[in-house]
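The values are calculated or read from the model by the stated rules, or taken from the named source; none is laboratory data. Since the structure is predicted, the reported quantities are computational estimates derived from the model, not experimental observations. Cβ placement follows ideal geometry from the backbone for every residue including glycine, while neighbour counts extend to all protein chains displayed. Please note that ligands, DNA and RNA were not included when accessible areas were found on the heavy atoms of the full protein model with its side chains. Shrake-Rupley method; radii C 1.70, N 1.55, O 1.52, S 1.80 Å.
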Amino acid sequence: MNKAMRRKPALLLAALLMCASARAEHLWIEGEKPTTHNFKKHNWYDSVAKDRLSGGDWLSNYGPNPAEAGYAFQAQEGGEYTLWVRCNNLMVAQHYKLDAGEWIDCELRKDPREEFTISPKPDHRNMAWHLVAKLQLPKGEHTLAFRLSSKLQNHGGIDCFVLSNRPFTPSGTSKPGDAAAEGKPDEWFAFLPAQDPFNPDSLIDMRRLWHAPAGKFGPVTREGSNLVIDGKPVKFWGCGANVKEDKPREWQAQWALYLAKYGVNAVRQHSVEEALGPLQKNAQGERVFDAKKLDAYDWWFAELKKNGIYTCWSPFYPHLVSPDDGYDLFDDLPEGRHGLRNSSGVVNVEEKLQDAEWVYLKTLLEHKNPYTGMRYVDDPALAVVEVHNEDCIFWHSPLNTMEGNKGFTKIAARLKARWADWLKARYGSDEKLKAAWGAGLRQGDSVENKSMGIYGAWEMAAEGPKRNGAEKARMGDFIRFLAELQRGYYERRAKRLRELGFKGVTMSTAWKAGGPAADPANLWCDDAMDMIDRHNYFGGGKGGHGIAPGEVHNGTHLSQPGGALLAIGRYQVEDKPFCVTEWTSLPPNQWKAEAAPLFAFYGMALQGWDASYHFLSARQHLTGGWPNLSSYVTDTPHYAGQFPALAFALHKQHLKEAPIAAARRLAPDQLFQGVDALSQDLTGGYDQKEAKGNLDTPTEILAVGRVSVAFGKDLKSEKSDWAKCWDKDAKTIRSMTGELRWDYGKRFVAIESPKTQGLLGFAGGQSHALPAVTVDLKTEFVSLIFTPLDDKPLAESAQILITALARDKQTGAEYNADGTQLAQTGSPPLLLEPVQAAIALKGAPPKEVNVVDMYGDRTGKQVPVEAGKFAIDGRYKTYYYEVKR
């Protein structure tokens, strides 16, 4: 026997020993079962939702003294173990000690995961998972102790903790191995995210679609209705992502990497002033930023840039004014944060307040970021600068406040005096004023009267003034007066930015008028800058900004083509890029998986919108549960989980932009008649009714082709032949591109481009023949997208990503039968309803269908293929699959 043969048994024995020593060990220990403890239970404090706790109980303390608890355990394998602790982290100081070691801070506020309230009403009884430490454990017996204290009765509590020698990220009360067991075809499965390994072969890593660093090819500019970089049209598919000064930089670095991987190429910082704080005087009397906050933001901007992510600035919400700004009516402003004054609303007509904004913005733009080596004004990674967030003169505040004499007394007096001066310049005399206003002239109205009554936003109804319909001309003049002031403000800001050297895109604000009669005029003001911006929200419920038991707004987009989130497209200006810097369909709406694909395929593609910023990412990974019971979370399967497929389709231009279906073109004078010239009342939120415009443009036309507005003299409106696309009897609309089909009778959409294809909505119980795939769908409601990752037509593609999502809910969440009431919010982990479908692709049969995990990595499992067909369902506990052929 040669030496090589003699060595094989020895190598085999070594391998077996390595395998034996490499066995996974997960020690799950219940908090309520300590070896020793001096915790003092309090009946009130201990009255929590124990059905949401591991083991149905916890170890809690509420009393005059700090508390300690010790746990004895045995490490069978030895080596490095990760310690996760599920405990109360709200206003609690907690330390741990291994064996006879030192007490070490658990740092409970560093990165709490799946944080939720366990008390009947929100108070300081809270629960979250925490990655506490990596511990070296020799084989054998050990003790782990916890010590907690707080200023509030030393309160605190431990639900459980886990020591694991293998990668494991807990979710809810799911234990290691729960995800490994095969599911049932129709069984909802737990979504159990861990740390993303960032495998370079991940199928969903969209960094390959986009350049890095951001700004590599120069600034983002506007050419006609497009955003362009180096002369080439681009789309921004992004989200909000505000700097987190309290997080370690390695945490933030992974956040930027995660966003880029999932296809995000732009983020919005909202607001800049909230992140940096107000300007402060230094020892030399100069107004400067807080050095620590500025350094934190400088680093974050540079990290985003490094990952190919452009930034949009929302500078103010609102700007806070100090006496140093020199505003003469400072005491007339309401109080704001930091002991400063709030300039919201009135800034739109007060130039000195606009100058105060500019001082702040100019100071930041001229600052040189030490991490990029560039001033912000010169950095092409700063793509967009807004004037401010959600603020216009036509909103309820300040107009209702001033009209009702409830505030802004001195500012209102000055505005009224300016209106009188404006009227005198326009009409010259009371005779001409009376001729213009006719029966709408009020007693005392005169070009010399500097205290004439004004209008609140509440009065600016679509058909004319609510109190007196004869005052249309009078109110129209007031709207024109305000619009000229506000547009002048935007024009000055744009001019200042250009003079300072900013080459990127300028944008006014996302806000709408409070009354529809002023809404077209407000849009005309926005048209003074490069890009139009709006916000829109849908869904949610009684919890408002959070999720709570009670009423659920459980509507679906699918029954009203062009409505809800998409209705915001009525604000698109014909020759300008269009942007939505905040949008989402809020949980606990059950159908929110429809929102992102509709936004991408109908908004960004068919309507030709240019930038999307979903609201809001705040985590450096996908997150389980309904995170923090918040209404605004990007980092979930329904949003970030669908981003790779959507970003791929947009950047590869899989769906075409439509021609004009309705071009509504208005002469400036039409805006100031005291009525809504567009007859599209969107001032109360999303639009779900058939609003008639000057072209009698129903909401459904947003599903036909491009809808736009333009302002100018001698312009003629136009529209396509809608009947060619819209079959009212069948209740179907096929887009002018032929790539999208909306069946609002059956409430689903078919995506039928040559490349990306799919089904969206209530398509279950039917067989669907798409151009390159036939789907026999069992699940009632789905978002099912087929993406050719080789960018070939789907019928020819050799590598296809399937993204398959349906409803979600937290474990223990309970709805009524129609989903309009939420009885219980439940708790993590998140449960996903599996998509059950039999699939047959046209073209070559699949060689293999791989089960892919949430990170886009192949799991090693495969879906059986028989006669070219295969079925996906809950057995695979995933929403990604790869087809290779």
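Stretch Lys792-Lys450 to full length: gain in nm at 0.36 nm per residue minus the Cα-Cα span?
Working: separation 342, 0.36 × 342 = 123.12 nm, distance 6.83 nm.
Length gained, Lys792 through Lys450: 116.3 nm.
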Once phi for every residue in the range 593-604 is put through the Karplus expression 6.51 cos²θ - 1.76 cosθ + 1.60 (θ = phi - 60°), the whole-Hz ³J(HN,Hα) values, with Gly and Pro written as x, are 5, 6, 5, 4, x, 4, 4, 6, 7, 8, x, 5
The range 237-247 - phi-based ³J(HN,Hα) in whole Hz, Karplus 6.51/-1.76/1.60, Gly and Pro as x = 10, x, 6, x, 7, 8, 3, 10, 4, 7, 9
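Multiply the residue separation of Asp324 and Lys292 by 0.36 nm, subtract the distance between their alpha-carbon atoms, and state the gained length in nm to one decimal.
Numbers: separation 32, 0.36 × 32 = 11.52 nm, distance 2.20 nm.
Using 0.36 nm per residue and subtracting the Cα-Cα distance, I get 9.3 nm.
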Kindly identify the range 95-241 as rounded, prolate or oblate by the Cα gyration tensor criterion: order the square roots of the eigenvalues as a ≥ b ≥ c, call it rounded if a/c is under 1.5, otherwise compare a/b with b/c, prolate if a/b is larger, else oblate.
-> prolate
Beta carbons within 10 angstrom, averaged per residue: use that to sort the peptides 565-575, 507-517, highest first.
-> 507-517, 565-575
Arg442 versus Lys713: modelled label distance in nm, points set 7 Å from Cα along the beta carbon direction | 3.3 nm
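So what's the net charge close to Trp103: Lys and Arg +1, Asp and Glu -1, counting the other residues with Cβ under 14 Å from its Cβ?
Numbers: positive: Lys97, Arg147; negative: Glu68, Asp99, Glu102, Asp105, Glu107.
Once positives and negatives cancel, what remains is -3.
Excluding Gly55 itself, calculate the net charge of residues whose Cβ lies under 10 Å from the Cβ of Gly55, where each Lys or Arg counts +1 and each Asp or Glu counts -1.
Details: positive: Lys33, Lys50; negative: Glu30, Glu32, Asp57, Asp159.
Result for the neighbourhood of Gly55: -2.
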So, in Å, what gap is there between the alpha-carbon centers of the range 622-680 and the range 151-222?
-> 27 Å
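Can you bin the range 67-116 into rounded, prolate or oblate? Criterion: square roots of the alpha carbon gyration tensor eigenvalues sorted a ≥ b ≥ c, rounded for a/c under 1.5, prolate for a/b above b/c, oblate for the rest.
Note, shape of the range 67-116 comes out prolate.
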List, in order, the whole-Hz ³J(HN,Hα) value for each residue of the range 115-130 obtained from phi through the Karplus relation with A = 6.51, B = -1.76, C = 1.60 and θ = phi - 60°; use x for Gly and Pro.
-> 6, 7, 8, 10, 8, x, 10, x, 8, 9, 9, 9, 8, 6, 8, 9
Distance in Å, no decimals, from the C-alpha centre of the range 64-133 to the one of the range 335-386 is 41 Å
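What part of the accessible area of the range 500-553, given as a whole %, is carbon or sulfur when the probe is 1.4 angstrom? Mind dumping the intermediate values first?
Details: 700 of 1240 Å².
For the range 500-553, the apolar C and S fraction of the accessible surface comes to 56 percent.
Report the calculated FRET efficiency for Asp575 and Asp430 (r = Cβ-Cβ distance, R0 = 41 Å), to the nearest 0.05. Write down the numbers at each step before the final one.
On the way: r = 41 Å, r/R0 = 0.99.
About 0.50, to the nearest 0.05.
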Once amide hydrogens are built 1.01 Å from N within the peptide plane, the residues lying 5 or more places from Gly156 or on another chain with amide H under 5 Å from its amide H are Asn61
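Rounded to whole Å and ordered largest first, report the semi-axes of the equivalent ellipsoid of the chain derived from its Cα gyration tensor (root of 5λ).
Values: eigenvalues 514, 252, 132 Å².
Working from the Cα gyration tensor, I get semi-axes of 51, 35, 26 Å.
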Using 7 Å Cα-to-Cβ label points, what is the Ala100/Asn38 separation (nm, one decimal)?
-> 2.1 nm
Between Ala24 and Ser767, 0.36 nm times their residue separation minus their Cα-Cα distance comes to what?
-> 263.0 nm
So what is the relative contact order for the chain, in percent, with contacts set as C-alpha pairs under 8 Å and at least six apart?
-> 11 percent
